[in-house]
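Structure, as structure tokens:
The values are calculated or read from the model by the stated rules, or taken from the named source; none is laboratory data. These figures come from a predicted structure and were not determined experimentally. Cβ: placed from backbone, ideal geometry, glycine included. Neighbour counts: every protein chain shown.
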Amino acid sequence: MSEQRDILSLTLPELQSELTAMGEPKFRAAQIYRWLHRRKAQSFAEMLDIPSKLRTELDAQFCIKSLFVARKLASSLDDTVKYLYRLSDGQHVETVLMHYHNGWRLCISTQVGCKMGCAFCASTIAGYVRDLTPSEMLLQIDETERNAGVTISGLVLMGIGEPMDNFANVMQFLTLLSDPEGRGMSLRHVTVSTCGIVPRIRELADRKTGLTLAVSLHNPTDAGRSKVMPVNRRYPLSELMEACRYYFEKTGRRVTYEYAVMEGENDGEPDARALAKLLKGQGAHVNLIPVNSVRETSYHATRKAAQRFMQRLEALGVHATVRRTLGSDIEAACGQLRHEADRAISEEKR
């Protein structure tokens, strides 16, 4: 028996092609697509306006994937909620729900683990396992909305994994997300974060999707950045900044730069001067983040340290802000919940 295919990852034209091959009219595909992406059907049995014979055939050939809440942490300080989702194969990813003045924003994962090996990040400690499918990215939105009873108005691809390392699936996800026949979210409400995979930044620029690109810098020199971000050895800062300028020229969308402040590592006056020189002429915005403490690393920072660095940058003409701290009481380090869950499973197997 052949393996059931993931129907939620199919675009409408792809689903129409599948239904036509089954001898069904195209309008049936549109009906099924709306059930999946608008009504969030979790089984074919729910699709009552689809003939029962076709529902049986769909059930034999396709599956509708699902996620399960393995753990949920709600902040006592604000409305932030962190979810640890268990996937159908038993793997885990993290999703964070955040409340802003203009609505609810969700930070989703794009991979199980990460290959990038950034020295300060918990996501890389447990290692890379696999890419997420488009449906598994969509389901992080659907399941969070169901569980929290809210509507997501903005999205950040900044959870576990490197989106540009799962480029094809992420692009398919964005197509599904923005399809007016489905959820219909404008990609202007979406931010995609990358550690700096240059060819993919250029390819994304050529697609002119309208989304916001956030680039993780974390150090303004090649020597310093290569120390904490191995990707810099493959794509040094000169190539990365050229790609960022290309993105702006192609899309007209200003690139946001993420900078994890690490006390004693990248927050001194020489670092501020080097960063100002690197970003000169871009009208760039730098989002400063006090690095999350992870027990396996020695990197740390306070909000005051980030504010001091912000003042240094502003004195040099660089626009910078310190990211608003949300859910600081619920294990904010990205990847920490997954790492703990995997460690607990390993200990149980011993």
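Key figures
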{"quantity": "When residues of segment 130-153 are limited to those that are surrounded by 17 or more Cβ atoms within 10 Å (Cβ to Cβ) and of a type in the set (A, V, I, L, M), the one nearest to Q42 (Cα to Cα)", "calculated": "L139"}
{"quantity": "Residue within segment 177-184 that is modelled with pLDDT of 95 or more, surrounded by fewer than 18 Cβ atoms within 10 Å (Cβ to Cβ) and among the aliphatic types (A, V, I, L, M) present", "calculated": "no"}
{"quantity": "Residue match in segment 246-257 (condition: under 22 Å from D206 (Cβ atoms), touching a helix residue (DSSP H, G or I) at 6+ places or on another chain (Cβ under 6 Å) and among the small types (G, A, S))", "calculated": "no"}
{"quantity": "Breaking point among (1) part of a helix (DSSP H, G or I); (2) within 22 Å of the chain's Cα centre (by Cα), for A60", "calculated": "(2)"}
{"quantity": "Residue satisfying all of: in segment 297-350; assigned to a helix (DSSP H, G or I), touching a Ser or Thr at 6+ places or on another chain (Cβ under 9 Å) and of a type in the set (D, E, K, R); modelled with the lowest pLDDT among these", "calculated": "R338"}
{"quantity": "Flag if G264 is within 25 Å of the chain's Cα centre (by Cα) and assigned by TED's automatic domain parsing to the domain that holds V228", "calculated": "no"}
{"quantity": "Residue in segment 245-260 that is closer than 23 Å to R323 by Cβ, of a type in the set (D, E) and in contact with a Phe, Trp or Tyr (Cβ under 8 Å, 6 or more places away or on another chain) present", "calculated": "no"}
{"quantity": "Subset of segment 216-244 [part of a loop (DSSP other than H, G, I, E, B) and either among the hydrophobic types (A, V, I, L, M, F, W, C) or in contact with a Cys (Cβ under 6 Å, 6 or more places away or on another chain) (or both)]", "calculated": "L217, M229"}
{"quantity": "Subset of segment 174-215 (residues that are assigned to a helix (DSSP H, G or I), among the charged types (D, E, K, R) and touching a helix residue (DSSP H, G or I) at 6+ places or on another chain (Cβ under 6 Å))", "calculated": "R200, R202"}
{"quantity": "L275, sole failed condition from (1) modelled with pLDDT of 90 or more; (2) surrounded by 14 or more Cβ atoms within 10 Å (Cβ to Cβ); (3) assigned to a loop (DSSP other than H, G, I, E, B); (4) out of contact with any His (no Cβ under 7 Å at 6 or more places or on another chain)", "calculated": "(3)"}
{"quantity": "Test: residue in segment 116-130 that is outside any loop (DSSP other than H, G, I, E, B) and farther than 30 Å from G264 by Cβ", "calculated": "yes"}
{"quantity": "Selection count where residues are in a helix (DSSP H, G or I) and basic (K, R), scope segment 1-45", "calculated": "3"}
{"quantity": "Candidates A41, A30, A74, A21 - the one that is in contact (Cβ under 8 Å) with a residue 40 or more places away in the chain, outside the structural domain of M171 (by TED's automatic domain parsing) and of a type in the set (G, A, S)", "calculated": "A30"}
